[in-house]
Every structure is written in structure tokens, then in C-alpha cells.
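Structure first, then comments.
The values are calculated or read from the model by the stated rules, or taken from the named source; none is laboratory data. Since the model is a prediction, treat every value here as computed from it, not as a measurement. When we count neighbours, we look across all protein chains shown, and the Cβ atoms used for this are built from the backbone with ideal geometry, even at glycine. Surface accessibility is based on the protein's heavy atoms, side chains included, excluding ligands, DNA and RNA. Shrake-Rupley method; radii C 1.70, N 1.55, O 1.52, S 1.80 Å.
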Amino acid sequence: VLLPLIDRMGDAKDQVREQAQNLILKLMDEAAPPMYIWERLAVGFKHKNYRSREGVCLCLIATLNIYGAQPLILSKLVPHLCTAFGDSNSQVRDAAILAIVEVYRHVGEKVRIDLAKRGIPPGR
């Protein structure tokens, strides 16, 4: 179910993208733990459609806002966000930065240290 939802997050219509994200969040609530879902959603960071890549970043922000950082293993997701920083599309880069800001808000300095290890400049 998740792979077609990732495709739907790349749809041209805003409403379709929003509903795909809402269904993913509902699956986390009723079907499986958030990290289980995210282990399968991580492939969306490399999707061929830029809207899908952006949607996965936005879905991570929504997940953090709803569930917090405790049910997620963020160290598995941060490398994908670091890759998205260099994406060819500016919307994906902006969404990745917003997602890292949200991760930082929930986790704190550990993320800054992790980003420094990955060669992301401190100013960025």
C-alpha cells in the first residue's frame, strides 16, 4: 500500500497529495508503529518525481508533530534528508531543510553533531 501512496504524494493535484499523506498518518495510528511505516517510506526520498520526494519530507514533519521523536529512529532518516539537501529541485531542498529543523526541535544538539559528521556546513 505504501509504494502507491508515495506515488500519489507526487500527484499534480494538492488534494490527492494531502489525502495520501493523511492516509499514511492514519496507517501509523491504526495499522503499524510509525517507525515500521517509515522503514518502508524511506524509498520515497529517492523517488523519480520531485513532488513525491518533497511529500516524504513533509510527511516526516507531520509525523514528528503528531508522534514526536520517541517512536522514530531518526538516525536512520537523517542521512536521507542530508541527501535531499543536494536535490536538483528547490522545493525538495526546502522541504528537507524544514524537516531537519523539525528534527532539531525535537532532538536538539545531537542532530547538529550528526550533520557535522556528514559534512554539512554549520552555517547551513
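Just a yes or no: is a residue in region 64-74 more than 23 Å from residue 3 (Cβ to Cβ), open to solvent by less than 50 Å² (accessible area, probe 1.4 Å) and not β-branched (Val, Ile, Thr)? Before the answer, list the steps.
Start the filter on region 64-74 by keeping residues that are more than 23 Å from residue 3 (Cβ to Cβ), which leaves 65, 68-70.
Subset that is open to solvent by less than 50 Å² (accessible area, probe 1.4 Å): 68-69.
Next, from what is left, pick out any that are not β-branched (Val, Ile, Thr): 68-69.
Yes; the residues of region 64-74 include at least one that is more than 23 Å from residue 3 (Cβ to Cβ), open to solvent by less than 50 Å² (accessible area, probe 1.4 Å) and not β-branched (Val, Ile, Thr).
Evaluate the following for residue 77: is it surrounded by 15 or more Cβ atoms within 10 Å (Cβ to Cβ), at pLDDT below 95 and not β-branched (Val, Ile, Thr)?
Details: surrounded by 15 or more Cβ atoms within 10 Å (Cβ to Cβ): yes; at pLDDT below 95: yes; not β-branched (Val, Ile, Thr): yes.
Judged against the criteria, residue 77 is a match.
Comparison of 115, 98 shows that the only residue that is surrounded by 14 or more Cβ atoms within 10 Å (Cβ to Cβ) and under 17 Å from residue 64 (Cα atoms) is 98.
If only residues of region 47-63 that are touching a residue at least 24 places away in the same chain (Cβ under 8 Å), open to solvent by 10 Å² or more (accessible area, probe 1.4 Å) and over 13 Å from residue 17 (Cα atoms) are counted, the one that is farthest from the chain's Cα centre (by Cα) is 47. Exactly one residue among 100, 113 is of a type in the set (Val, Ile, Thr) and modelled with pLDDT of 90 or more, and that residue is 100.
Among the residues of region 84-124, those that are within 20 Å of residue 43 (Cβ to Cβ) and in a helix (DSSP H, G or I) comprise 84, 85, 91, 92, 93, 95, 96, 99, 100, 103.
Each row is one residue, and each column tells you yes or no for (1) at pLDDT below 95; (2) buried (at least 18 other Cβ atoms within 10 Å of the Cβ).
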| residue | (1), (2) |
| --- | --- |
| 1 | yes, no |
| 6 | no, yes |
| 15 | no, no |
| 18 | no, no |
| 22 | no, no |
| 26 | no, no |
| 29 | yes, no |
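In a helix (DSSP H, G or I), open to solvent by less than 20 Å² (accessible area, probe 1.4 Å) and either in contact with a His (Cβ under 6 Å, 6 or more places away or on another chain) or of a type in the set (Val, Ile, Thr) (or both): is that true of residue 43 in this structure? No, not satisfied.
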